[in-house]
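One structure coming up, written as structure tokens, with questions to follow.
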Amino acid sequence: MIKVLVAEDMHIVRGALVALLRLEPDIDVVAEVASGPEILPMARARQAQVAVIDIDLPGMDGLTAAGELHEQLPECRTLILTSLGRPGTLRRALDAKVGGFLLKDAPPDKLASAVRGVLAGRRMVDGDLALAAWDTVDCPLTARELDVLRMVAQGYGTVEVAARLYLSAGTVRNYLTTVVAKLNARNRVDAIRIAEESGWL
């Protein structure tokens, strides 16, 4: 039996995923969690072999949690689920060493196939999304510029961003000016939109 952990914060969606996986004769859902920080300790405690993780989770996003699993519990493979099939997001997922990347609107039988595939060590990625990712432009922003933009997108003001990242407010403003210029955006809000639509945030 394949021991699977399901991480999804929406109760109805999580219940549907668990019910779907339990229909498979070779899959046993050994844990269900609703937030990112719960994934690693629960996967370790229940000896999960595959973690099916929603990309958007409270406390810690799915890609960060997948990266943590890869580093600290490499025997547990990861399959990321998302409702947004943006090529930039796929690239981030591959950088996090996930085993698979599946859209939530994929046919139900693909979920069990993807679980089996990632356990076998194969990369399971939606074909159309993989082709789209092949043609996308790499993110022009540095890691620090992305950190600043991500915090602004979360609603933090310049002074708060500066305090949290140990920068001066002037340096944060300079980063934001550079971000707007690099993305050919009209302003900060437009820069956030461009970065989110590209899957860089």
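What residue among ILE39, ILE27, ILE80 has the largest mean-square fluctuation in a Gaussian network model of the chain, using Cα springs under 10 Å?
ILE27
Have a look at LEU102, LEU141, LEU69 and tell me which one the Gaussian network model of the chain (Cα, springs below 10 Å) gives the largest fluctuation.
Between LEU102, LEU141, LEU69, it is LEU141 that shows the largest mean-square fluctuation.
Name the residue from SER83, VAL125, ILE194 whose Cα lies farthest towards the positive end of the charge dipole of the chain, charges +1 on Cβ of Lys and Arg and -1 on Cβ of Asp and Glu.
ILE194
Which value, in debye to the nearest 20, describes the size of the charge dipole of the chain about its Cα centre when Lys and Arg Cβ atoms bear +1, Asp and Glu Cβ atoms bear -1, and nothing else is charged?
It comes to approximately 360 debye.
Excluding same-chain pairs closer than 8 in sequence, count the lysine pairs in the chain whose Cα atoms lie under 26 Å apart.
Eligible lysine pairs with Cα atoms under 26 Å apart amount to 4.
What's the extension gain from ASN184 to ALA163 if we count 0.36 nm per residue and subtract their Cα-Cα distance?
Full extension from ASN184 to ALA163 adds 4.8 nm.
Given points 7 Å out from each Cα along the Cα-Cβ axis, report the ALA143 to ILE12 separation in nanometres with one decimal.
4.0 nm
Something else: Measuring from label point to label point, each 7 Å out along Cα→Cβ, what is the LYS104 to MET1 span in nm?
Taking the simple label geometry, LYS104 and MET1 are separated by 2.8 nm.
By how many nm would the segment from GLU71 to ARG22 grow when fully extended, if each residue of separation counts as 0.36 nm and the alpha-carbon distance is taken off?
14.8 nm
Can I ask one more? Go through the range 136-201 and name the trypsin sites (Lys or Arg not before Pro) that are in a DSSP coil and have 13 or fewer other Cβ atoms within 10 Å of their Cβ.
When the trypsin sites (Lys or Arg not before Pro) of the range 136-201 are filtered for loop state and at most 13 Cβ neighbours within 10 Å, ARG186 remain.
Rounded to the nearest 20 Debye, what is the dipole magnitude of the range 3-56 about its Cα centre when Lys and Arg each give +1 and Asp and Glu each give -1 at the C-beta?
220 debye
Using a Gaussian network for the chain with springs between C-alpha atoms less than 10 Å apart, which of these wobbles most: VAL172, VAL29, VAL115?
Highest fluctuation of the listed residues: VAL172.
Each reported figure results from applying straightforward, stated rules to the coordinates on display, with no laboratory input. Since this is a predicted model, take the numbers as computed values, not measurements. Note that we place each Cβ from the backbone using ideal geometry, even for glycine, and neighbour counts take in every protein chain shown.
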